[in-house]
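Engineer: Right, I'll just put the structure down here and ask away after.
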Amino acid sequence: MNMSQQNISSSLHEQFTNNLNDIITARNRLEAESPNWSKVSVYKLVGVVKDYVIKNFTSANRIFDRFVDLFRNHQEQIDELNRKFSLLDEARQHG
């Protein structure tokens, strides 16, 4: 692997790590905001669950969307790198 390939690989790894850390942070925040379920009385449980779901549905949906975007983006980058490496290999073989 040459220096350019190492830089690209390092940059992709850093981007992926940053995105993944953002997602983990958001998930941890959702978990921290959840009620202590064992202390919710049976009579209030339905209302508490309903409120929690309504409050956090949008956040959970954003996390899922972020995962989808993250993996699509990285797949596009991988496809582009594969294309470039194929072109380099062809150039070396014919060069």
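Engineer: Test Glu14 against the stated conditions and say whether it is exposed (fewer than 10 other Cβ atoms within 10 Å of the Cβ), under 19 Å from the mean Cα position of the chain (by Cα) and either modelled with pLDDT under 80 or not β-branched (Val, Ile, Thr) (or both).
Structural biologist: No; evaluated as a whole, the condition is false for this residue.
Engineer: Now, a different point. With the requirement that a residue be surrounded by 10 or more Cβ atoms within 10 Å (Cβ to Cβ), among the aromatic types (Phe, Trp, Tyr) and over 17 Å from the mean Cα position of the chain (by Cα), what does segment 25-64 give you?
Structural biologist: Trp37, Tyr52, Phe57, listed by residue number.
Engineer: Where the second residue is among the hydrophobic types (A, V, I, L, M, F, W, C) and modelled with pLDDT of 80 or more and the first is outside any helix (DSSP H, G or I) and lies in segment 21-50, which pairs have Cβ atoms under 6 Å and are six or more apart or on separate chains?
Structural biologist: So the pair list comes out as Pro35/Val48; Val40/Val48.
The values are calculated or read from the model by the stated rules, or taken from the named source; none is laboratory data. Please read all numbers here as calculations on a predicted model, not as lab measurements. Every residue, glycine as well, gets a Cβ built from its backbone with ideal geometry; the counts of neighbours run over all protein chains shown.
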